[in-house]
1. Can you grab the distance from the C-alpha centre of the range A:150-167 to the C-alpha centre of the range A:49-96, Å, no decimals?
2. Roughly how many debye, to the nearest 20, is the charge dipole of chain A about its Cα centre, given +1 on each Lys and Arg Cβ, -1 on each Asp and Glu Cβ, and no other charges?
3. May I ask you to evaluate 6.51 cos²θ - 1.76 cosθ + 1.60, the Karplus curve with θ = phi - 60°, for each residue of the range B:39-45 and list the ³J(HN,Hα) values in order in whole Hz, giving x for glycine and proline?
4. Translational diffusion coefficient, Stokes-Einstein: compute it for the range A:151-204 using the Kirkwood radius over C-alpha pairs as Rh, at 37 °C and 0.692 mPa s, and state it as an integer in µm² s⁻¹.
5. Using only the alpha-carbon atoms, what does the range A:24-154 span along each of its principal axes? Please give whole angstrom values in decreasing order.
6. How large are Rg and Dmax for the range A:1-83 when calculated on the C-alpha trace, in angstrom?
7. Which whole-Hz ³J(HN,Hα) couplings does the range A:8-20 yield from phi under the Karplus relation 6.51 cos²θ - 1.76 cosθ + 1.60, θ = phi - 60°, glycine and proline marked x?
8. Per-residue ellipticity at 222 nm for chain A, helices alone: DSSP H runs ≥ 4 residues times -39500 (n - 2.57), over residue total, nearest 500 deg cm²/dmol?
Amino acid sequence: MTDSADLVLNQAVVEVQYDRGVVYLDKCGALTLRLQDELGRPFVPIPPNMETGEFKNGAERIAVRYGPKSFSVTQTWVRSPARVEQLAPAAWGHVADVLDVGRTVTRCGVRFQLVFSVESPEDGEARIAESKLCVESPEWISAFGTPTSRGWVCVSEDHRGKLRSGLSVIQVTLEGGPAPSDLADLIPKAAILLDLDHVYPCVSGEHFGLQKAPLKDFIRAAWQRSKQTAMTIRKALELPDPPHVHH
Amino acid sequence: MSTTDETAIDSIRPQPLQAPTYERASVSGGVSEELQMRRSLTVDAPALSRSVSTEDREAILESLYEERTELTRARRLGTLSPADADYLTDLNRYIDAWEKDEGASSSDVWKRLEAIASSVLSFQVDVERTRK
């Protein structure tokens, strides 16, 4: 039986948006040094400009960005956000401290873009159609005709916060050569993309405080919820087990 | 008031601040991209290629081991939350993948083995010469 270890993330992103970050213009240098000490090797700083500072880690395909309006940590093509979960709260602690924006947060989001490999875009469309996950009404058919491709984008909200969910078929195109050997098993030719953007619960339009520990808890809770959703979607789409799974 | 006067006043009147967009999703290109379904994904293969030095690999593993140590200590003390237990599982898998990633270090290990073998052979040759 497959488990969450077989999930593939095209992208895992943690982003914090804030007000009153203009002090970045004064302190970007000091913040860069603090982050350099925190992140360590193999993160390499890109010289900051007036809009953003950035660290890149090519080995793990991670980027850390910060500026007067937002901070983000992004990792691509990975099986879990464990490393992002380790790094993002620690880095955010320094950004919040140096720029003094820990209490003027306007939005915190954690986004997971999961890919389920399919034979072809047509195979993906057929699976979505047969799964009944996205069903058009007779009124829709009457107005627009029977769709040849389906997807679903919606926003839901409960005590855990807001969740923007998207389901669609994507064609993957490799440019410049074959996929690196360590990613050959992860990058599909065609896939069903499950896009889950979790928003930290807050009152819209008001500042709120965000510290390292609650951010870490939110990232983990969002991933646990995303894993459950992904397993449910996978089952509904009747996707075959990945080749390396043994029963 | 004439049009010209109105224009002159408008030109010095401060423009309203743009309202903050609280619904903007992470790392998106704008509202239109948000509402659309993704249809294609272009992957820049050369940009994803990597060459990981031994030092980088060791630094990554050191950082991961440090994080894991904190969690395993909490587990031994019985204070590990279910969420952190789940995190530890993912962390272990991530560490396993890096420990098995020998692409960066295998060439270095072989070089060291070869250097040792060369030293041993040189020593043996020297011993034989001395005997003669």
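Where a number appears in this text, it was derived from the coordinates with a stated rule and is not lab data. These numbers come from a predicted model, not from an experiment. Counting neighbours? That spans all protein chains shown, and the Cβs are built from the backbone with ideal geometry, glycine included.
1. So the separation of the two Cα centres works out to 24 Å.
2. Numbers: 27 positive and 31 negative charges, 132 e Å.
Dipole magnitude for chain A comes out near 640 debye.
3. After applying 6.51 cos²θ - 1.76 cosθ + 1.60, I find 10, 8, 9, 9, 10, 7, 4 Hz.
4. Details: Rh = 13.7 Å.
It comes out at roughly 240 µm²/s.
5. Principal-axis extents of the range A:24-154 (Cα, largest first): 60, 32, 23 Å.
6. Calculated on Cα positions, Rg and Dmax stand at 14.7, 54 Å.
7. Those phi angles translate into 10, 9, 5, 7, 10, 10, 10, 9, 10, 9, 8, 9, 6 Hz.
8. Numbers: 5 runs with 77 residues, N = 247.
About -10500 deg cm²/dmol.
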